[in-house]
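Worksheet: one structure, shown below.
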Amino acid sequence: MRKQWHNLVAGIAVGTAAIAAMAEPATDWREEYAYMMGKQAYIYGFPAINFANIRYDWVEGHSSSARALGNVYSHYPKLVDPEYQYGTSMNRDTLYSLAYSYVGIEPLIFTIPENPDGRYYSIEFTEWYTDAFGYMGSRTTSDKAAAYLVHAPGWEGDVPPGIDKVLESPTPWFLAVGRTYTSNTPEDLEVVHQIQQGYKIYPLSEWGKESPREASPITDVLDAFPADDPLGSFKTMNASMRENPPPPRDLALMRQFALVGLGPLVDKPLDEQDPSTRAGLARAAVDARAYLQRVSEAVGSITNANRVVNGWSYNPSNWGRMAESGDFLGRAATQSLSGGIENLVEEAVKLRTFTDAQGKPLDGGKRYRLKFSAEQIPRVDAFWSITLYDNKFNLVKNDADKYAVRDIDPDLIYGDDGSLTIYLRSSPPEEAGVNWIPTPGDSQFNLFFRAYLPDQAFIDQTYEPPAVERIE
C-alpha cells in the first residue's frame with residue numbers, strides 16, 4: 001500500500017512538472033498582478049474614462065461635431081449624422097439636448113415645458129458611471145410642465161415651492177439627456193426647436209426670483225490624458241474617479257485597485273509606480289478595451305439579463321441600473337461603450353444584431369432582407385425604428401443620406417397582408433416602392449432596433465423579431 005502511495009505521489013509530481021514545462025515563461029509576479037487588477041479596474045472605471053473624454057472634447061471645443069458647456073444644454077438642431085464619431089449609437093429619431101451638469105456647489109433645477117401635443121420627449125439623468133437616477137417627460141410627468149431639483153449626496157437644504165420632484169445625483173457631475181421626437185420635416189423641426197428652448201437649468205439660488213438667471217456655463221473641465229500615453233486612460237480614470245467618487249458600497253474594490261495605483265484612493269502618481277506594475281497596467285488597458293469591444297458586439301450580460309432570438313440580442317433588462325447587481329461589465333460594455341448611456345426598459349427596449357439568420361457577420365457587400373409579419377409589427381406607445389451602425393457604433397455615411405427605417409416614415413410601405421419588408425444593400429434596389437437601408441459596401445455593420453414606451457412583450461423579452469435573411 002505504501003509503495004502504491006509513493007507511486008501515486010510520484011506520478012502527480014511528474015504530471016505537475018510536465019504542465020509547468022508547457023506553461024509560458026513566468027511573468028514578473030508584480031506585473032501579472034497589476035495586469036489582473038488593471039483589467040478589473042478598467043472594466044469598473046470605463047464609464048468614468050469615457051465620460052471624461054467626451055466632456056473634455058465638448059467643453060474645451062476639440063470636437064468637430066459637438067460643442068457644449070457645463071450646466072448648459074447643447075441643443076442639436078438636426079438628427080445626428082455620420083459627422084458625430086463618438087461611437088455611442090446615437091439615434092435618428094429624436095433631437096438631442098445634452099448637458100453635463102455639476103451640483104457640487106449648489107443644487108440645480110431642471111424644467112420642461114408643457115407638451116399639449118403629446119409628442120414623445122424626455123430628460124434622462126445619469127450619474128457619472130452611466131446608471132440612470134431619474135426621468136422627466138412623457139412617461140413620468142404626463143406631458144405637464146415640471147421642475148425637478150437635483151442635488152449632490154449629503155445636501156440637506158430646504159426645498160423651495162414649485163418643485164415637483166427632488167433627485168439625488170450619486171455623483172457631483174452627471175449627464176442630463178433630452179430626447180425630443182421629430183418627424184424630421186422642416187415644419188416639425190421648427191416645433192421641436194421651440195420645445196428644446198423650454199428645457200431650462202437654474203441654480204437653486206435663482207429659483208423663485210421674478211427673472212431668474214439660468215445656470216452659468218462651466219468652461220473649464222478635467223483634461224483627458226493623451227491617447228499615446230500607455231497609461232493615459234488610467235490617469236484619466238483616476239482623476240475622473242477622484243472628482244466623482246464611487247459609492248461607499250464599492251469601497252472594498254477601490255482599496256484593491258489602489259494597491260496597483262488605480263482609483264480614487266491612490267496617493268502616488270502612476271508614473272511613480274514600479275516598472276513591473278506600470279508594464280502590467282499598460283497591457284491591461286489595451287486588452288481590457290478589446291475585451292469590452294467583444295462583449296459589446298455580443299451584447300453580453302454576465303447576469304444573464306437578456307435573451308437572444310433569431311440573431312437579435314435584447315438589451316440587458318438591468319440597463320440603467322446595472323451597478324445594483326454588481327454588473328460592472330455590462331455597465332462598461334453594452335451600456336457605456338456601445339451606447340454612451342442607456343434607458344431603463346420601461347422607457348425603451350432595444351435589440352441589436354451583428355449576424356444574419358445563419359449566424360454569419362452582417363457584411364456590407366452582401367444583400368439582406370428583414371421581413372416582419374403583420375403580427376411582428378412592433379407595438380409601442382411612442383415610436384420604433386431600426387438604425388444601421390458600423391462596428392464602432394457610429395452611423396455610416398452614404399450617398400442617399402439614409403440611416404434608418406422608422407415607423408413614422410411617410411414612405412414606409414406595407415404588404416397587402418400587413419407585413420413589412422426592409423431591404424439592406426449598398427446600392428439602391430432595382431424594384432420600385434421598397435423599404436431600404438443602405439449598407440457600407442466594404443465593411444461589416446450591425447442593426448439597432450429601438451422600441452420607445454414599449455409593449456410589455458418587449459419588456460418581458462417575449463417579442464420575437466424576424467431574422468435578417470441573406471439574399472443570394
Considering every residue within region 433-441, establish whether at least one is under 24 Å from the mean Cα position of the chain (by Cα) and assigned to a loop (DSSP other than H, G, I, E, B). yes
Which listed residue, of 369, 331, is assigned to a helix (DSSP H, G or I) and either in contact (Cβ under 8 Å) with a residue 24 or more places away in the chain or within 12 Å of the chain's Cα centre (by Cα) (or both): 331
Counting only residues that are of a type in the set (Gly, Ala, Ser) and either closer than 16 Å to residue 59 by Cβ or surrounded by fewer than 21 Cβ atoms within 10 Å (Cβ to Cβ) (or both), how many does region 86-96 have? 1
One residue from 108, 149 being touching a residue at least 40 places away in the same chain (Cβ under 8 Å), buried (at least 20 other Cβ atoms within 10 Å of the Cβ) and in contact with a His (Cβ under 9 Å, 6 or more places away or on another chain): 108
Just the residues that are of a type in the set (Val, Ile, Thr) and over 21 Å from residue 357 (Cβ atoms), please, taken from region 439-472. 459
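Every residue, every condition in (1) surrounded by fewer than 23 Cβ atoms within 10 Å (Cβ to Cβ); (2) under 22 Å from residue 185 (Cα atoms), yes or no:
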residue: 54; (1), (2): yes, no
residue: 74; (1), (2): yes, yes
residue: 84; (1), (2): yes, yes
residue: 103; (1), (2): no, no
Please count how many residues of region 111-133 are open to solvent by less than 10 Å² (accessible area, probe 1.4 Å), under 29 Å from residue 222 (Cα atoms) and not hydrophobic (A, V, I, L, M, F, W, C). 5
Scope region 388-446; condition in contact with a helix residue (DSSP H, G or I) (Cβ under 7 Å, 6 or more places away or on another chain) and surrounded by 14 or more Cβ atoms within 10 Å (Cβ to Cβ); matching residues: 391, 419
Can you tell me which residues in region 21-42 are open to solvent by 80 Å² or more (accessible area, probe 1.4 Å), modelled with pLDDT of 75 or more and farther than 18 Å from residue 246 by Cα? 29, 30, 36
With (1) buried (at least 22 other Cβ atoms within 10 Å of the Cβ); (2) without any contact (Cβ under 8 Å) to a residue 40 or more places away in the chain as the list, and residue 269 as the residue in question, which single condition is left unmet? (1)
Can you tell me which of 284, 332, 290, 323 is surrounded by fewer than 21 Cβ atoms within 10 Å (Cβ to Cβ) and not aromatic (Phe, Trp, Tyr)? 290
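The values are calculated or read from the model by the stated rules, or taken from the named source; none is laboratory data. Bear in mind the structure is a predicted one, so any value in this text is a computation, not a measurement. Note that we place each Cβ from the backbone using ideal geometry, even for glycine, and neighbour counts take in every protein chain shown. Ligands, DNA and RNA are stripped out before the accessible areas are found, and what is left, the full protein with its side chains, is counted by its heavy atoms. Shrake-Rupley method; radii C 1.70, N 1.55, O 1.52, S 1.80 Å.
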